[in-house]
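These notes concern the structure reproduced below.
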Amino acid sequence: MSSMDKETIGEVLVFDTSEEVARAAAKKVVAYAREAIVDHGVFSVALAGGNTPRRVYELLASDPFKGLIEWPKVHLFFGDERCVPPHHQDSNYGMVYTALISKIEIPGVNVHRMVGEGNPEENAAAYERELRSFFGKRSWPRFDLVLLGMGEDGHTASLFTGSEALKEESKWVVATRMRKLEQDRMTLTAPVLNHAAHVVFLVTGQGKAKRLSEVLGHQLKAEPLPSQLIHPIDGTLEWLVDKSAASFL
Ligand code: 6PG
């Protein structure tokens, strides 16, 4: 593993399989939910999209995890969203609804969907207003937990290398574009992610191995990869990875 210190890259936990990563992540969600609810009566979590976290959400919707969380005190948010309707196959909300939301007793007002249909800029501004209404008057929201994935190009949420979104220093939510797929997106900005109490990355599979070693390793380029920009200012950073993704560490 790189010589970068723990504070720089956070804690890297390597598991044999992706199922073990998902199970460990579900346990962390339970632990951080309990911590937050004991501390301030509510648990706010920004969920990752994509494929990797699906299994985490399925586990949280099943025994024993389901009964370990006080769902009425949980508020589910999204780290990013594809600009598609909720029932579209690419919708992160749709994936989380199927895997988790449809299977738990959580009040509808506690599920904060990023509206994917319509004007991305307007929807991003609307989501920011919703966040500001929930988190109150503060310069940055403090999520109790942010779950993140990492793309093979080193992106996270919908923060892509070379995008204007990466440079955002005041907005909480912005519209952006995934050039590779020509897809409009909305994403929480890096400062929002970096003000969370806990950030947990979930990275599995051989396809991520080279990039993960770059992100966690010493090869810092002139322009850091988006995933390298995530360092909670006053919070913890954990990488839950499987052996395949860790094969170059
Ligand atoms: C998204 C995610 C994105 C994802 C990575 C990894 O909307 O796609 O927010 O950042 O976490 O692309 O995706 P996989 O888990 O599918 O590899």
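Tell me, what is the per residue accessible area of the chain in Å², probe radius 1.4 Å?
So the chain comes to 45 Å² accessible per residue, rounded to a whole number.
If each of residue 247 and residue 31 carries a label point 7 Å out from its Cα toward its Cβ, how far apart are those two points in nm?
Those two pseudo-labels are separated by 2.8 nm.
Please report, as a whole percent, how much of the solvent-accessible surface of the chain comes from carbon and sulfur atoms (probe radius 1.4 Å).
Carbon plus sulfur share of accessible area: 51 percent.
When the dipole is taken about the Cα centre of the stretch 22-198, and only Lys, Arg (+1) and Asp, Glu (-1) are charged at their Cβ, what size is it in debye, to the nearest 20?
Here the stretch 22-198 has a charge dipole of around 400 debye.
Would you pull out the residues with amide H under 5 Å of residue 140's amide H, same chain only if 5 or more places away, H placed 1.01 Å from N?
When sequence neighbours closer than 5 places are left aside, there are no close amide H contacts.
From largest accessible area down, sort 204, 187, 236; use a 1.4 Å probe on the protein chains.
236, 204, 187
Around residue 15, which amide H atoms from residues at least 5 apart in sequence, or from another chain, sit under 5 Å from its own amide H, with H modelled in the peptide plane?
Amide H neighbours of residue 15: 241, 242, 243.
Zone of residue 222 (label point 7 Å along Cα→Cβ, backbone N under 16 Å): which residues in the stretch 134-171?
Flagged as within label range: 162-163.
Can you give the FRET efficiency to the nearest 0.05 for residue 206 and residue 73, using r as the Cβ-Cβ distance and R₀ = 30 Å?
E(calc), rounded to 0.05, equals 0.20.
Using a 10 Å Cβ count of at most 10 others and DSSP loop calls, identify the longest part of the chain lacking such GluC sites (Glu not before Pro).
1-104
For the residue pair residue 181 and residue 122, what label-to-label distance in nm results when each label sits 7 Å from Cα along the Cα-to-beta-carbon direction?
The answer from the label model is 2.4 nm.
Which cross-chain or sequence-distant (5 or more) residues have an amide H under 5 Å from the amide H of residue 201, H modelled 1.01 Å from N in plane?
It is 148, 238, 239, 240, by chain and number.
Given a Förster radius of 22 Å and the C-beta distance between residue 38 and residue 132 as r, what FRET efficiency does 1/(1 + (r/R0)^6) yield to the nearest 0.05?
Here the calculated transfer efficiency is 0.30.
Give the distance, in whole Å, between the Cα centre of the stretch 169-233 and the Cα centre of the stretch 77-132.
Going from one Cα centre to the other spans 20 Å.
The values are calculated or read from the model by the stated rules, or taken from the named source; none is laboratory data. On a predicted model such as this, the values are computed, not experimentally measured, just so you know. A quick note on method: Cβ atoms are made from the backbone with ideal geometry, for glycine too, and the neighbour counts reach across all protein chains shown. Accessible surface is based on the protein model in full, side chains and every heavy atom, while ligands, DNA and RNA are left aside. Shrake-Rupley method; radii C 1.70, N 1.55, O 1.52, S 1.80 Å.
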